[in-house]
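Here the structure comes first, spelled out in structure tokens, and everything after it is commentary.
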Amino acid sequence: MTATAPPSLVLVLNSGSSSIKFQLVDPVAGTALLSGLVEHVGEPDSPVADHAAGLRLIHSRLADSGIDLAAVRAVGHRVVHGGKLFYRPTLITDEVVAKIDRLSELAPLHNPANVIGIEVARKDFPDVPHVAVFDTGFFHSLPAAATTYAIDRDLANRYGIHRYGFHGTSHEYVCGVAATVLGRDTRELNIIVLHLGNGASASAVRGGVAVETSMGLTPLEGLVMGTRSGDVDPGVLFHLNRTAGLDIDELDELLNRRSGLKGLCGVNDFRELLEQRAAGGPAGEAANLAYDVYVHRIRKYVGAYLAVLGRVDAIVFTAGVGENAPSVREDSLEGLDALGISVDPERNRAGRGARIVSAKGSRTSVLVIPTDEELAIARAAWQFV
Ligand code: AMP
């Protein structure tokens, strides 16, 4: 029997506020060997008391998988907020962990969970490099005109009020794949990316460099999302406070957890929204309105980003809804032929994987690109091996 050397692997960890996702990735082959999710971390009555317990569970699943964990050559950590300190993939040291922890003020639900994930994983895998990849990183390049809120400068500076943007790993990754599909160099392409998942964001990318994005200080700004409102007039908050008596925590909960698609039609899962539309009746009416608001918001951002970029070579749809809901792609770009954007209805409804769905002769290519943040993080971490 000839023993084949196990491939070199990267463990990718994404510790969210109440869940931890993991994936074992072969960064060279670009394949995932094992992935999983621990949910309800730290929730009342959950068997997973905290993030440390969740990571122990993941470690035992990895150990039980039969995969030789000695093949894990690096650990990549998705970290939500890099603030103004971090934007490149960063080798984790004690000092880096302390700084990520200090950035928790900007991402109170996420950075503390990221820090615990990093600390536990460093004990579990003490001999390999641990690398932080920041969700805000790709948007570090945004010009001041795009990152600055038009509010009092001194106050904004003192409290770090700045548009950071999120989902950067995904936006950057799909731009790279889009360039490959088009047989072009990213440096010569202007791209609008529509990352439409449970969270949703749009970006404008000129020659591989992000110049605008829809999320801001927090992931609440911009597009309509599963449970988040996206853009609202800030005056709505004052009004609700004064008339409905909602306090600041209730308003936070309203806009982050009870708005978006869920607020409009009761469900945040897009598949359920589509089923509700098809079933008709009053619930169907509500789902129709939710769908229309969702699509309308996307169109507004596409229009804005056409103007920001001047010339757009490609529009890329990605993430759960962007990859799997052809009607959203068709409806959000409908009637834009005069602007050089035409979706081909048949191509749009057929095929799988990374592909072009625009009509032949459409000046702007429309693409569907499955995102793969774990692979992007694994590749970033692999650079340090
Ligand atoms: P993500 O956050 O990228 O995992 O995306 C989750 C969202 O994608 C949820 O709203 C899902 O309902 C939606 N989604 C997943 N598969 C489909 C599908 N086949 N059709 C429509 N929406 C889908």
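Seen through its C-alpha gyration tensor, with square-root eigenvalues sorted a ≥ b ≥ c, segment 176-265 comes out prolate because a/c lies at 1.5 or above while a/b is bigger than b/c.
Helix-only estimate, please: 222 nm mean residue ellipticity of the chain, summing -39500 (n - 2.57) across DSSP H runs of length 4 or more and dividing by its residues, to the nearest 500.
Result for the chain: -12000 deg cm²/dmol, rounded to the nearest 500.
Calculated FRET efficiency, GLU253 to LYS99, Cβ-Cβ distance, R0 = 30 Å: about 0.55 to the nearest 0.05. Ordered from largest to smallest accessible area (heavy atoms of protein chains, 1.4 Å probe), the residues ILE298, ILE67 come out as ILE67, ILE298.
Tell me, what % of the accessible area of segment 37-177 is carbon and sulfur with a 1.4 angstrom probe? Intermediate values should be presented prior to the final figure.
Working: 3690 of 6920 Å².
About 53 percent, which is the carbon plus sulfur part of the accessible surface.
Taking Cβ atoms as reference points and 11 Å as the exclusive limit, the residues near SER18 contribute a net charge of -3, counting Lys and Arg as +1 and Asp and Glu as -1.
Counting only lysines at least 8 places from LYS84 when in the same chain, those with an alpha carbon closer than 20 Å to its own are LYS99. Simple rule: put +1 on each Lys or Arg Cβ and -1 on each Asp or Glu Cβ in the chain, find the dipole, and look at THR31, GLY199, ASN14; the Cα lying farthest toward the positive end is THR31. When TYR87, TYR164, TYR159, TYR149 are compared by accessible area at a 1.4 angstrom probe, the order from most to least is TYR159, TYR87, TYR149, TYR164.
Let me know the shape class of segment 83-132, please: from the alpha-carbon gyration tensor, a ≥ b ≥ c as square roots of the eigenvalues, rounded when a/c is under 1.5, otherwise prolate if a/b is greater than b/c, or oblate. List each step's numbers first, then the result.
Numbers: a/c = 2.40, a/b = 1.44, b/c = 1.67.
Note, shape of segment 83-132 comes out oblate.
In this structure ASP344 has an accessible area near 40 Å², from a 1.4 Å probe over the protein heavy atoms. Among residues other than GLY165 with Cβ under 13 Å from its Cβ, the summed charge is -2 (Lys and Arg +1, Asp and Glu -1). Residues whose amide H comes within less than 5 Å of that of GLY83, counting only those at least five positions distant or on another chain, are absent (H built at 1.01 Å from N in the peptide plane). Since only VAL133, GLY322, TYR305 are under comparison, the one whose Cα sits farthest along the positive direction of the charge dipole of the chain, derived from C-beta charges on Lys, Arg, Asp and Glu, is TYR305. What does the charge count around LYS360 come to, taking other residues whose C-beta lies under 15 Å from its C-beta (Lys +1, Arg +1, Asp -1, Glu -1)? Taking every Cβ under 15 Å from that of LYS360, the sum is 0.
On a per residue basis, the chain carries 48 Å² of accessible surface, using protein heavy atoms and a 1.4 Å probe.
Rounded if a/c is under 1.5, else prolate if a/b is larger than b/c, else oblate: which is segment 58-105, with a ≥ b ≥ c the root eigenvalues of its Cα gyration tensor?
Details: a/c = 3.13, a/b = 2.47, b/c = 1.27.
Because a/c hits 1.5 or more and a/b exceeds b/c, segment 58-105 counts as prolate.
The values are calculated or read from the model by the stated rules, or taken from the named source; none is laboratory data. Predicted, not measured: the structure shown is a model, and the values here were computed from it. Cβ coordinates were reconstructed from backbone atoms using ideal geometry, including for glycine residues, and neighbour counts include every protein chain displayed. Quick note on the areas: whole protein, heavy atoms, side chains included, nothing else; ligands and nucleic acids left out. Shrake-Rupley method; radii C 1.70, N 1.55, O 1.52, S 1.80 Å.
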